[in-house]
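Right, one structure below, let's go through it.
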Amino acid sequence: EADSCTCPEGRALPFTGTRRKRSELGFESVARLYTCGDCGGCPRRGDCMRSKDPEARRQVAVNPRLAEYRRRASALLHTERGSALRKRRGVDVETAFGDIKRNLGFTRFTLRGLEKVELEWRLVATGHSIRKMFLARTGAEAGA
């Protein structure tokens, strides 16, 4: 089997190289690049590409590690246990947001800037967690 991808028009995009990226946190990802030999005159060019440059060619980046993680995650989500966890997610997550909004009175951020908003959210989430631990230890009612 040839190492290639297929474009929407059915043309083969052969492997042309790799691209390495390092995230802000230091994680490195490697993507395999597949490039079409000639996109000139392709009837589906408008659907396939954003570039108006007639010399531009379609390039697809595939991260094999990410694709494998997604495949495994999908397989796990489609098990009986995964289905049960998906059903619980709405209850678990929405309950926390509802508690933070209704009982802690947090409906909007008061600080500006991403760093300050992240700090404010961490404080609110920490307060929520401490409150949950306190209620669990004392056996007190959440509405009290």
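The values are calculated or read from the model by the stated rules, or taken from the named source; none is laboratory data. These numbers come from a predicted model, not from an experiment. No Cβ is skipped: glycine too gets one built from the backbone with ideal geometry, and neighbour counts run over all protein chains shown.
For the stretch 8-25, the candidate set comprises residues that are out of contact with any helix residue (DSSP H, G or I) (no Cβ under 6 Å at 6 or more places or on another chain) and at pLDDT below 90; within that set, the residue that is nearest to E68 (Cα to Cα) is S23.
Strands (runs of 3 or more DSSP E) fully within the stretch 1-65 that include at least 1 residues being of a type outside the set (A, V, I, L, M, F, W, C) and under 23 Å from the mean Cα position of the chain (by Cα): 12-22, 28-35, 59-62.
Mind counting the residues in the stretch 66-88 that are part of a helix (DSSP H, G or I) and under 30 Å from C5 (Cα atoms)?
Of the residues in the stretch 66-88, the ones part of a helix (DSSP H, G or I) are 66-77, 80-88.
From what is left, the residues that are under 30 Å from C5 (Cα atoms) are 66-77.
Result for the stretch 66-88: 12.
Cβ separations smaller than 9 Å between residues 6+ apart or across chains give the following pairs from the stretch 89-103 residues that are in the same structural domain as R131 (by TED's automatic domain parsing) and in a helix (DSSP H, G or I) to residues that are surrounded by 10 or more Cβ atoms within 10 Å (Cβ to Cβ) and among the basic types (K, R): A96/K132; D99/R131; D99/K132.
Quick one: would you say R32 is within 30 Å of S129 (Cβ to Cβ), surrounded by 10 or more Cβ atoms within 10 Å (Cβ to Cβ) and touching a helix residue (DSSP H, G or I) at 6+ places or on another chain (Cβ under 7 Å)? When the stated conditions are applied, R32 does not pass them.
Across the stretch 35-59, the number of residues qualifying as in contact with a helix residue (DSSP H, G or I) (Cβ under 8 Å, 6 or more places away or on another chain) and surrounded by fewer than 16 Cβ atoms within 10 Å (Cβ to Cβ) comes to 0.
When the stretch 104-128 is filtered for residues that are closer than 19 Å to D92 by Cβ, surrounded by 11 or more Cβ atoms within 10 Å (Cβ to Cβ) and within 28 Å of the chain's Cα centre (by Cα), the ones remaining, listed by number, are F106, W121, V124, A125, G127, H128. Note on the stretch 22-44: residues that are without any contact (Cβ under 8 Å) to a residue 12 or more places away in the chain and farther than 24 Å from D3 by Cβ total 7.
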